[in-house]
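First the structure, in the form of structure tokens, and then the observations on it.
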Amino acid sequence: MSGPDPEQKQGQKQGQEQGREQGQEKQQEQASRLRVGDADRHETAERLREAAGEGRLDLEELEERLEACFAARTYADLAELTIDLPAATGSTPVVRPASAPAATSGPLPAGHAERSTHVAVFSGVVRRGRWRAPRRFRTLAWWGGVELDLREAAWPGDTMEIAASAVMGGVHVVVGPEVEVVMEGIGIMGGYEGPRDHQAVAVPGQPARTLRVTGFAVWGAVAVERRERD
């Protein structure tokens, strides 16, 4: 018996490709219906804040999208808010659950996390005294307050990043006088302020460190201050 002719082979190949495409579309649709968490909302809000800083959204559009962002229930809801914005990496936006964080250079000291997220909704979050700070700390104050005191904290290295956002709430960060602070957030009818003394100073026995702060404040405040150790 002779095998299938070339036309049959081509038809089988097209059928297989079509099946794969349909399977991928179904998987993407299922993923878009998954429930989102606070970290997902915060990540989308940060992208909206960046878009506003780039001039892609005006303040009214940003407020509307931020309100929808924190009310979002599924990945499809979040995707609608950034579908007309280029992705931060320049790639085409894709609806999918949040992926694992990208690897960073250098191992973390024992006991330190790569990333930690804390959300204060009509409540408060306080970290002070001796505690192990993660490499990246994400926090959102929504009608609440967050206080982070890094003066006695064990840092994961010489550099730390805090994505701090406040919506009708406040985030207050305290660092030692030797910490260089880089503020990259934006205040929208709110305050986003770094230390009043702009220059860090050397402290005997303390390594020079850098804290990078990103995020946004809408009808709220994010503030970082330097203070001597108690």
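What whole-number distance in Å separates the alpha-carbon centres of segment 122-159 and segment 181-230? Taking the Cα centre of each part, segment 122-159 and segment 181-230 sit 13 Å apart. Backbone phi angles across segment 69-86, fed through the Karplus curve with coefficients 6.51, -1.76 and 1.60 (θ = phi - 60°), yield HN-Hα couplings of 4, 7, 9, 5, 10, 10, 5, 5, 4, 5, 4, 4, 7, 10, 5, 9, 10, x Hz in residue order; Gly and Pro are listed as x. Given a 1.4 Å probe and the protein chains as shown, Arg132 ends up with an accessible area of around 140 Å².
Between Val126 and Trp219, the distance separating the two model label sites (each 7 Å from Cα on the Cα→Cβ line) works out to 2.7 nm. Modelled spin-label separation between Asp197 and Arg56, with each label point placed 7 Å from Cα along the Cα-to-Cβ direction: 4.0 nm. Taking GluC sites (Glu not before Pro) across segment 148-205, the ones in a DSSP loop with at most 15 further Cβ atoms lying within 10 angstrom of their Cβ are Glu152, Glu184. Across the protein chains, with a 1.4 Å probe defining accessible surface, the residues Thr44, Thr139, Thr159 rank Thr159, Thr44, Thr139 from largest area downward.
The values are calculated or read from the model by the stated rules, or taken from the named source; none is laboratory data. Note that the coordinates shown come from a computational prediction; the quantities given were computed from them, not determined experimentally. Methodologically, a virtual Cβ is constructed for each residue, glycine included, from the backbone with ideal geometry; neighbour enumeration extends over all protein chains shown. Heads up: the accessible areas ignore ligands, DNA and RNA and are worked out on the full protein's heavy atoms, side chains in. Shrake-Rupley method; radii C 1.70, N 1.55, O 1.52, S 1.80 Å.
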